[in-house]
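Student: Here it is: the structure, laid out below.
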Amino acid sequence: MDIISKFTVGSEEGISDLITIIDSSVYTLHKDFVSEENIKRYIHNEIDPRKMINELNDLSNQLIMTYVDQKPVGYSIIKSGSLPPGISAGKRATEISFVILSEFDSPETRQSLWKKCRSAVNFTDVIWINMLDHNPLSEFLKEVGFVSVTSSKVEPFELPSHILELEINKG
């Protein structure tokens, strides 16, 4: 099994791979809590390739894609300068997403995506993520040093979540 995580630009191919993963992961993470009709409506109305291309072409954002045998299976979007609730204004904060399709979720894919993501955020003081309470990747993030700082709700369906943080540079 060939696993690679790499920076990807907001091109049509990169966005197509990203949308494939988003569609599948949104369905998988929400199907037990939200009607299939509402999930389909969200995907149809809110997953907009043009908006994603614009967002990824913003110089403060980066996309990392993970591939297994050249098939897109995970991603992380890194957003510099995004402050979570409760972070002091003097710290540089970076928001990440961390998504791996459940059928490809393994220690190897997690490590591949995490290592690439971690190498991209050395410039910041704090990494944070708003993670669904029932997301199986939460435990992995805690294993690599993230701590839960507050309860929250996460878009698009306002399901229970936690803000997880990892201090990179103490300061």
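The values are calculated or read from the model by the stated rules, or taken from the named source; none is laboratory data. Remember, it's a predicted structure, so these values are computed and weren't measured experimentally. With ideal geometry, Cβ positions are generated from the backbone for all residues, glycine too; neighbour counts draw on all protein chains shown.
Student: Go over the candidates Val26, Val34 one by one and state the one that is assigned to a helix (DSSP H, G or I) and out of contact with any strand residue (DSSP E or B) (no Cβ under 7 Å at 6 or more places or on another chain).
Tutor: The match here is Val26.
Student: Test Ser151 against the criterion of being surrounded by fewer than 20 Cβ atoms within 10 Å (Cβ to Cβ) and either closer than 12 Å to Ser76 by Cβ or out of contact with any Ser or Thr (no Cβ under 7 Å at 6 or more places or on another chain) (or both), and give yes or no.
Tutor: Yes, satisfied.
Student: Oh, and also: Among the residues of the stretch 102-118, is any on the phi > 0 side of the Ramachandran plot and either out of contact with any Pro (no Cβ under 7 Å at 6 or more places or on another chain) or β-branched (Val, Ile, Thr) (or both)?
Tutor: Among the residues of the stretch 102-118, not one is on the phi > 0 side of the Ramachandran plot and either out of contact with any Pro (no Cβ under 7 Å at 6 or more places or on another chain) or β-branched (Val, Ile, Thr) (or both), which makes the answer no.
Student: Could you check the stretch 91-141 and list, in sequence order, the residues that are in contact (Cβ under 8 Å) with a residue 60 or more places away in the chain, surrounded by fewer than 20 Cβ atoms within 10 Å (Cβ to Cβ) and in a strand (DSSP E or B)?
Tutor: Within the stretch 91-141, Leu132 is the sole residue that qualifies.
Student: Name, by its number, the condition in (1) farther than 15 Å from Pro156 by Cβ; (2) in contact (Cβ under 8 Å) with a residue 24 or more places away in the chain; (3) out of contact with any Ser or Thr (no Cβ under 6 Å at 6 or more places or on another chain); (4) assigned to a helix (DSSP H, G or I) that does not hold for Gly14.
Tutor: Result: Gly14 fails condition (3) only.
Student: Report whether or not Ile53 is β-branched (Val, Ile, Thr) and touching a Cys at 6+ places or on another chain (Cβ under 7 Å).
Tutor: In short, no.
Student: Consider Asp69 carefully, then state whether it is over 29 Å from Asp125 (Cα atoms) and exposed (fewer than 13 other Cβ atoms within 10 Å of the Cβ).
Tutor: Answer is yes for this residue.
Student: Would you mind stating whether Ile78 is crowded, with 16+ Cβ neighbours inside 10 Å, within 16 Å of the chain's Cα centre (by Cα) and not basic (Lys, Arg)?
Tutor: yes
Student: So which residues in the stretch 155-171 are modelled with pLDDT of 90 or more and either among the hydrophobic types (A, V, I, L, M, F, W, C) or part of a strand (DSSP E or B) (or both)?
Tutor: Phe157, Leu159, Pro160, Ser161, His162, Ile163, Leu164, Glu165, Leu166, Glu167
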